[in-house]
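Read the structure below first, then the notes.
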Amino acid sequence: MSEGLFITFEGGEGGGKTSQSLLLAERLRSLGQKVVLTREPGGTELGKYIRKALVGRTDDPPSSRAELFLYAADRAHHVEKVISPALDAGKVVLCDRFTDATLAYQGYGRGIDLGVINTLNELATGGLKPHRTLWFDLDPEIGLRRSLERENGRGTGELRFEEEALDFHLRVRSGYAEICLRNPERCRRVDCRGSVEEVAKKVWLGVSDLFGGEK
Ligand code: TMP
């Protein structure tokens, strides 16, 4: 029986959700919470291999359906090995991307049937759902620019999605908007414009009720 809190970070490229998840983890730890910070794809050893196949530049990229199954495989393993045990131990799990990313990218972005994705997500997670999802919303043109600049500095070669056409990223954004509209009790939109500190305040506003409304 899950007793912890499960919070997911979602959104297009370059919205700053990874840095914000680190900041939120720090804040929660300072309040005495036990926090596990993780991500998809790549939150396990096996997941790191899968991540390479999914986001690295390659001459033989996975087909849309293969891509869908690779995300599902990464997620099934991650839920079983990392997320569920942490929740069972009463921890707060902050996860950089989860099931909504598959709906937004493979569903709205690539055009795979949403019903099929929901079924596969259900199978991969065993029905586990986040208590709260923060959608980091930013104009994709700005986000992609930020993401490419950051990648040039790091040189990880994780550019497969950044190199998709702008149209793809616009569909992903509309997808997230739709998901949030349909799940108002779970999802909160975070406007990513502004300084890191300003966005961190919005992030806190989006989750503080889960922690007794602490200011
Ligand atoms: P990241 O750079 O935020 O870690 O995510 C890697 C990429 O994987 C990102 O471009 C979004 C994509 N993605 C999907 O297409 N489907 C998914 O289910 C997940 C988790 C990520």
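What does the charge count around E141 come to, taking other residues whose C-beta lies under 15 Å from its C-beta (Lys +1, Arg +1, Asp -1, Glu -1)? Write down the numbers at each step before the final one.
On the way: positive: R145, R146, R171, R173, R193; negative: E13, D137, D139, E149, E162, E163, E164, D167.
Result for the neighbourhood of E141: -3.
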**Item:** Amide H within-cut-off set for G11, under 5 Å, with H built and near neighbours excluded
**Value:** F136
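Distance check, please: which entries in K17/K91; K91/K201; K52/K202 exceed 30 angstrom between their Cα atoms?
Numbers: K17/K91 20 Å; K91/K201 22 Å; K52/K202 32 Å.
Exceeds cut-off: K52/K202.
Can you give the convex hull volume per residue for the Cα atoms of the chain, as a whole number of Å³?
Values: hull volume 25.7 nm³, N = 215.
Spread over its residues, the Cα hull of the chain gives 119 Å³ apiece.
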**Item:** Inter-probe distance in nm under a simple model that places probes 7 Å from Cα toward Cβ, at D167 and R154
**Value:** 2.9
**Message:** Just the number please: accessible area per residue for the stretch 114-156, 1.4 Å probe, all protein chains included, in Å².
**Reply:** 54
**Asked** Can you list the residues, at least 5 places off or on another chain, whose amide H is less than 5 Å from the amide H of V93, using H built in the peptide plane?
**Response** L5, F6, I7, V36
**Prompt:** What list of ³J(HN,Hα) couplings, whole Hz, do you get for the stretch 152-167 from phi and the Karplus terms 6.51, -1.76, 1.60, once you set θ to phi - 60° and write x for glycine and proline?
**Reply:** 4, x, 9, x, 7, x, 8, 10, 4, 7, 4, 7, 5, 4, 4, 3
**Message:** Computing the accessible area with a 1.4 Å probe over protein heavy atoms, can you report the carbon and sulfur percentage for the chain?
**Reply:** 52
**Prompt:** Put +1 on the Cβ of each Lys and Arg and -1 on the Cβ of each Asp and Glu in the stretch 91-198; which of T99, L144, G127 then has its Cα farthest toward the positive end of the dipole?
**Reply:** G127
**Message:** Per residue of the stretch 119-133, what does 6.51 cos²θ - 1.76 cosθ + 1.60 with θ = phi - 60° give for ³J(HN,Hα)? Whole Hz please, x for Gly and Pro, Karplus curve as stated.
**Reply:** 5, 5, 4, 4, 5, 5, 9, x, x, 5, 10, x, 6, 8, 10
**Prompt:** In what sequence, highest mean first, do 96-109, 48-61, 28-41 appear when ranked by Cβ atoms within 10 angstrom?
**Reply:** 96-109, 28-41, 48-61
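What is the calculated FRET efficiency for S19 to D113, with r their C-beta to C-beta distance and R₀ = 25 Å, to the nearest 0.05? Working shown, then result.
Working: r = 34 Å, r/R0 = 1.36.
Here the calculated transfer efficiency is 0.15.
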**Asked** Tell me, what is the 1.4 Å probe accessible area of C187, in Å² to the nearest 10?
**Response** 10
**Message:** Sequence gap at least 6, Cα distance under 8 Å: using those rules, report the relative contact order of the stretch 94-174 to the nearest whole percent.
**Reply:** 38
**Item:** Across the chain: Cys residues that no other cysteine approaches within a C-beta distance under 4.7 Å
**Value:** C95, C192
**Fill in**
Going residue by residue through the stretch 88-99, the Karplus relation 6.51 cos²θ - 1.76 cosθ + 1.60 with θ = phi - 60° gives ³J(HN,Hα) values, rounded to whole Hz and with x marking Gly or Pro, of 4, 8, x, 8, 8, 9, 9, 10, 7, 6, 7, 4
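Please compute the contact order of the chain in relative form: average sequence separation of alpha-carbon pairs under 8 Å and at least six residues apart, divided by the residue count, as a percent. Mind showing how you got there, number by number?
Details: 323 pairs, mean separation 67.3, N = 215.
31 percent.
Put E164, E198 in order of accessible area, largest first, 1.4 Å probe: what do you get? Spell out each step's value before the answer.
Values: E164 55, E198 95 Å².
Result of the area sort, largest leading: E198, E164.
The values are calculated or read from the model by the stated rules, or taken from the named source; none is laboratory data. Keep in mind that what you see is a predicted model, and the values were worked out from it rather than measured. As a convention, Cβ positions derive from the backbone with ideal geometry for all residues, glycine included, and neighbour counts pool all protein chains shown. Protein only, heavy atoms only, side chains kept; ligands, DNA and RNA dropped before computing areas. Shrake-Rupley method; radii C 1.70, N 1.55, O 1.52, S 1.80 Å.
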